[in-house]
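K.L.:
Here it is, the structure in full.
The values are calculated or read from the model by the stated rules, or taken from the named source; none is laboratory data. Predicted model, so just to flag it, every value in this text is computed and none were measured. Every residue, glycine among them, receives a Cβ derived from its backbone with ideal geometry; neighbour counts consider all protein chains shown. Accessible surface areas use protein heavy atoms only, side chains included; no ligands, DNA or RNA. Shrake-Rupley method; radii C 1.70, N 1.55, O 1.52, S 1.80 Å.
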Amino acid sequence: MNTFFISDLHLCNERPQTTALFNQFLGDIAGSAKALYILGDLFEYWLGDDQLDHDPLAQAIARSLSAVSHAGTRVHFMHGNRDFLIGERFCREAGLNLLDDPTSIAVDGKSLLLMHGDTLCTDDVAYQEFRHQVRDPSWQAAILAKPYAEREALARTIRSRSDVEKSMKADAIMDVNDGTVAATLQTHSYPTLIHGHTHRPAHHEHLVDGHRCERWVLADWHDTGAALVHSPAGFAVHTISAP
Ligand code: LP5
Ligand code: MN
């Protein structure tokens with residue numbers, strides 16, 4: 001049975017074609033795949049689980065995901081930098097198993113390390129400082145206590161600040177740091193690393209302490225989708241296009 005890995009769908013009301021591709025993909029794999037791992041940035045942004053009460057898209061995605069786990073495919077989710085406020089309620093309603101970042105798993109005897117990928121971008125110091133702040137539980141509790149509309153406005157401010165700052169950052173700064181990748185592979189006993197975030201889909205090889213480690217970078221979704229699939233025959237990239 002196959003295991004699927006996806007990330008960076010950035011689902012939102014402005015891109016209904018991506019939501020349609022996602023629903024098509026879920027319909028194709030439901031019940032026939034062993035597991036689906038969503039490695040962050042499923043949503044363009046997540047303001048807290050009360051988004052389920054305000055955003056019909058959030059409710060619809062929860063229903064589609066829940067149908068997949070009811071069909072017998074276990075669905076796992078890891079936070080990304082856009083949807084780190086997804087909490088217990090959304091996971092329960094969508095039937096998701098929430099994973100830590102990083103998480104180690106074994107698939108068909110192979111050791112895999114799963115990450116969103118943002119923590120590997122250690123040259124992006126401004127982002128890492130921002131991340132440190134927004135992942136702080138007391139910051140999150142204070143934010144979640146604010147009215148939904150206020151959080152929406154604040155998220156818009158952060159998004160535009162982020163876009164301005166990104167336009168001034170060199171491309172290389174926004175990619176993973178090779179030393180951080182090597183140290184991560186070493187700490188986790190030289191697994192195959194799977195992550196997203198950078199929107200630079202690729203299959204890399206890293207030689208670390210004499211161990212040849214693979215690193216799969218997942219693609220972001222727009223007018224087509226992409227999933228990394230592991231079968232007993234190995235890894236393959238599966239493209240999802242509109243019919
Ligand atoms: O996602 P992407 O690729 O565009 O950019 C990321 C980094 N940016 C971010 C910020 C997110 O886009 C914002 C997500 C908002 C939605 C969640 C809202 C939840 C909060 C609820 C309401 C408060 O992650 C970007 C990286 C890039 O990846 C590549 O790795 O470079 O990092 C930045 O640009 C960060 C800036 O360098 C520094 C942050 C400035 C924001 C300051 C905000 C001021 C308001 C204070 C509130 C905390
Ligand atoms: Mn991301």
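K.L.:
Which listed residue (Thr119, Ser64, Ala149) has the Cα farthest towards the positive end of the charge dipole for the chain, taking +1 on Lys and Arg C-beta and -1 on Asp and Glu C-beta about the Cα centre?
P.N.:
The residue sitting farthest along the positive end of the dipole is Ser64.
K.L.:
So, one more: On a straight-distance basis, which lysines could pair with Lys34 in a cross-link, Cα separation under 24 angstrom, same-chain partners fewer than 8 positions away excluded?
P.N.:
Within the straight-line cut-off, Lys34 pairs with Lys110.
K.L.:
Take every Cα-Cα pair in the stretch 98-167 and report what % of them are more than 21 Å apart. Before the final figure, lay out the partial values.
P.N.:
Numbers: 1101 of 2415 pairs.
In whole percent, the long-distance tail amounts to 46.
K.L.:
Okay, moving on. Work out how much length Ala172 to Ala71 would gain on full extension: take 0.36 nm times their residue separation and subtract the Cα-Cα distance, in nm to one decimal. Write out the running numbers ahead of the final one.
P.N.:
On the way: separation 101, 0.36 × 101 = 36.36 nm, distance 4.20 nm.
Fully extending the segment from Ala172 to Ala71 adds 32.2 nm.
K.L.:
Under 29 Å Cα-Cα from Lys166, which lysines qualify once same-chain neighbours fewer than 8 residues away are excluded?
P.N.:
The reachable lysines, counting only those whose Cα sits under 29 Å from Lys166, are Lys146.
K.L.:
Still on this structure, I have one more. In vacuum, with every alpha carbon of the stretch 3-240 counted as one equal point scatterer, what does the Debye formula give for log10 I(q)/I(0) at q = 0.08, 0.17 Å⁻¹? Two decimals, please.
P.N.:
-0.29, -1.39
K.L.:
Further question: Probe radius 1.4 Å, ligands and nucleic acids left out: which of Asp178, Asp49, Asp41 has the largest accessible area, and how do the rest follow? Intermediate values should be presented prior to the final figure.
P.N.:
On the way: Asp178 100, Asp49 25, Asp41 5 Å².
Putting Asp178, Asp49, Asp41 in descending order of accessible area: Asp178, Asp49, Asp41.
K.L.:
Under 5 Å between amide hydrogens, which residues at least 5 positions from Tyr37 or on another chain qualify, with H placed 1.01 Å from N in the peptide plane?
P.N.:
Placed amide hydrogens put Phe4, Phe5, Ile6, His76 under 5 Å from Tyr37.
K.L.:
Quick one: with all protein chains in place, what share of the accessible area of the chain is carbon or sulfur, to the nearest percent (1.4 Å probe)? Present the calculation step by step, with values, prior to reporting the outcome.
P.N.:
Details: 5920 of 11340 Å².
C and S fraction of accessible area: 52 percent.
K.L.:
Using modelled backbone amide H atoms (1.01 Å from N, in-plane), which distant-in-sequence or interchain residues come within less than 5 Å of Val107's amide H?
P.N.:
Residues meeting the criterion, in which the H sits 1.01 Å from N, are Leu112.
K.L.:
I need the phi-derived Karplus couplings for the stretch 98-103: 6.51 cos²θ - 1.76 cosθ + 1.60, θ = phi - 60°, integer Hz, Gly and Pro marked x.
P.N.:
7, 9, 6, 10, x, 10
K.L.:
In addition: Quick check for me: using +1 on Lys/Arg Cβ and -1 on Asp/Glu Cβ, what's the dipole size of the chain about its Cα centre, in debye to the nearest 20? Each step should come with its number before you reach the end.
P.N.:
Numbers: 20 positive and 32 negative charges, 79 e Å.
Dipole about the Cα centre, nearest 20: 380 debye.
K.L.:
Follow-up. Order Arg92, Arg131, Arg215 by their accessible area, 1.4 angstrom probe, all chains in place, largest first. Don't jump to the answer; show the numbers that get you there.
P.N.:
Numbers: Arg92 160, Arg131 40, Arg215 10 Å².
From most accessible down to least: Arg92, Arg131, Arg215.
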